[in-house]
Amino acid sequence: MDIELTSGSLSAEDQATVSAGFEVHTQTADAPGFQKDRLNWLVRNDDNSLRAALTADVLWDWLYVDELWVDTELRGQGVGRRLMRAAETFATGQQLQGVWLWTQSWQAAEFYEALGYVEFTRFENFPKGHERIGFRKTLT
């Protein structure tokens, strides 16, 4: 068999094959089924322009925060904190175990710590000279 290198997303057919293969393996291993549900919390101003957003995925019984972005003009006004609290409130309402996320060393580690998140891993030199940091907060 040959190995083919491609870039970009898989075709719909190839992705369906990969997903079906994972599903069969999951069932064989008697593991919990996998489903990813995307959620978005958005902040818009009066002219409907997007000013802040939190995107997240429900993965099993945890909420994974993929992106938290606040427009520069709104930073320091509690918008990011309110978005994180909204996500936590949702997770609690859905009886999820907690919330987890990645951040970079030049981003917002102190912000997440102030919200009660605990570092659970650190990937050094990713990218070189910086770190990728995993945070989580148990809610139950």
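Collect the residues in the stretch 32-55 that are touching a strand residue (DSSP E or B) at 6+ places or on another chain (Cβ under 7 Å) and either touching a residue at least 40 places away in the same chain (Cβ under 8 Å) or in a loop (DSSP other than H, G, I, E, B) (or both), keeping them in residue-number order.
Scanning the stretch 32-55 gives Leu39, Trp41, Val43, Asn45.
Quick one: how many residues across the stretch 56-97 are in a loop (DSSP other than H, G, I, E, B), of a type in the set (Gly, Ala, Ser) and open to solvent by less than 50 Å² (accessible area, probe 1.4 Å)?
1
Among residues belonging to the stretch 102-114 that are in contact with an Asp or Glu (Cβ under 8 Å, 6 or more places away or on another chain) and not in a helix (DSSP H, G or I), point out the one that is nearest to Asp66 (Cα to Cα).
Gln104
For the stretch 98-140, enumerate the residues that are open to solvent by less than 70 Å² (accessible area, probe 1.4 Å) and in contact (Cβ under 8 Å) with a residue 40 or more places away in the chain.
The answer is Gly98, Val99, Ala108, Lys137, Leu139.
The values are calculated or read from the model by the stated rules, or taken from the named source; none is laboratory data. Quick caveat: nothing in here was measured; it's all calculated off a predicted structure. Cβ sites come from the backbone with ideal geometry, for glycine too, and all protein chains shown count toward neighbours. What goes into the accessible areas is simple: the full protein's heavy atoms, side chains included, and nothing from ligands, DNA or RNA. Shrake-Rupley method; radii C 1.70, N 1.55, O 1.52, S 1.80 Å.
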